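Please read the structure below before turning to the comments.
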C-alpha cells in the first residue's frame, strides 16, 4: 500500500476555507426547489428513508479494518482508505454520501457495537468511515482530529462553546461540508438532536417576509469566540446564503455567533439583519419544521452543513462518571 501524494486530512484552516468558498451568482427571485426541501412533520413518517441499520457482515468488515490498522501502530492521523479496507461496505457509503450531498441532506447509521469496542476502536472506525464519505478535517486550531461532545463544566462566559456544556444549543451550521456525530453514551434525560432543512426555512422566510430573506445574501459578522490569532480581528464576515448557477442554495447559519459578534467595538448589527435572525430562529423552532431524533450508543448521524441547520436540547447527565453523555464529532469535506 502506498500513501504517496495522499492527504491524510485537512487542517482546520484548510477545511474552513474550503467550506466557505461557495459559488454565488445572484439571489433567487422566489422559493427554491431542492431535494433538501423537507419539513420535519413529513420526515417523521419516512424513517426508512434516513435510518440505515448496519448488518452483522458490515460490522465485521469495519471491525477487521480497524483491527488491522491499529495492529500496525500508526497514529489515527495517518489513516487513509489504503489502510482501512472496506471491500463491500464502500458501495453503501457512496449511497450515504449521495443522500447527504444531493438528497435530503442527512442520514443516521445505526448499529456500531461501541460498548464492546470501546472508545479507541470506535474512534478509528468513525475516522475510517470519514475517509469514505470525504476528507476528514481537524476540529480546531489545535488540529484536534475528533471532537468530544460532552460536559466539561464550562459556564458563565459569553464565549463558552455550548457543546462543552449541558445547555441548549441553538440552530447553527459547523464550518465543514459535513458534520458527523457518533454516540458513545447518551444522557440520562434530554439531549436530543434536532435538524431542519435550511432550504425549507428559507422558503418559509420568502413566503412570510421576502425582504428579510434577501438580507441573508448580505454579510454578517461571525464571532471568532477568542480563537483568533494575536493581531487578527475577533470576527470575520460571512454571507449566510449563496445561490450558484447550479441552482443550489447553500447556507451557513449561526444565530448565536452572529449576535455575539456585536461584543466587538467595530461590529454592529442592523435592524433588518437582527429581524431576519429572529424570524429564522422562530421558523426553525416550529415543531412542524424540524425533526427530533434520539441518538443511542452506536448511532452515527451525518448532516450537510450546506442544506441543514442543527441544534441540541439541554440535558441532564448520569451521576456516574463512566456514564456521562459522550459523542464524537467528525468534520468532513466532500467536494
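Looking at 41, 32, which is the one that is touching a strand residue (DSSP E or B) at 6+ places or on another chain (Cβ under 9 Å), over 23 Å from residue 247 (Cα atoms) and touching a residue at least 40 places away in the same chain (Cβ under 8 Å)? Break it down into steps so the answer makes sense when it comes.
On the way: 32 fails: over 23 Å from residue 247 (Cα atoms).
The match here is 41.
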Completion exercise
Residues of the stretch 53-77 being surrounded by fewer than 18 Cβ atoms within 10 Å (Cβ to Cβ) and under 23 Å from the mean Cα position of the chain (by Cα), in sequence order, are 53, 77
Practice task
Report, by residue number, each residue of the stretch 84-102 that is surrounded by fewer than 18 Cβ atoms within 10 Å (Cβ to Cβ), over 21 Å from the mean Cα position of the chain (by Cα) and not in a loop (DSSP other than H, G, I, E, B).
Solution key: 90, 91
Exercise for the section: Please enumerate the residues belonging to the stretch 24-54 that are over 20 Å from residue 98 (Cα atoms) and part of a loop (DSSP other than H, G, I, E, B). Expected result: 24, 25, 26, 27, 28, 29, 30, 31, 44, 45
Practice task
Tell me, yes or no, whether the stretch 211-233 has at least one residue that is under 30 Å from residue 44 (Cα atoms), touching a strand residue (DSSP E or B) at 6+ places or on another chain (Cβ under 6 Å), outside any helix (DSSP H, G or I) and at pLDDT 95 or above.
Solution key: yes
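Collect the residues in the stretch 69-81 that are assigned to a helix (DSSP H, G or I) and in contact with a helix residue (DSSP H, G or I) (Cβ under 8 Å, 6 or more places away or on another chain), keeping them in residue-number order.
First, pick out the residues of the stretch 69-81 that are assigned to a helix (DSSP H, G or I): 69-71, 76-78, 81.
69, 70, 76, 81, listed by residue number.
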Exercise for the section: Return a yes/no flag: does the stretch 205-213 have any residue that is surrounded by 14 or more Cβ atoms within 10 Å (Cβ to Cβ), closer than 21 Å to residue 141 by Cβ and in contact with a helix residue (DSSP H, G or I) (Cβ under 8 Å, 6 or more places away or on another chain). Expected result: no
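Residue by residue, here is whether (1) free of Cβ contacts under 8 Å to residues at least 40 places away in the same chain; (2) out of contact with any strand residue (DSSP E or B) (no Cβ under 6 Å at 6 or more places or on another chain) holds:
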position	(1), (2)
49	no, yes
74	yes, yes
93	no, yes
97	no, yes
102	no, yes
105	no, no
108	no, no
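The values are calculated or read from the model by the stated rules, or taken from the named source; none is laboratory data. Bear in mind the structure is a predicted one, so any value in this text is a computation, not a measurement. A quick note on method: Cβ atoms are made from the backbone with ideal geometry, for glycine too, and the neighbour counts reach across all protein chains shown.
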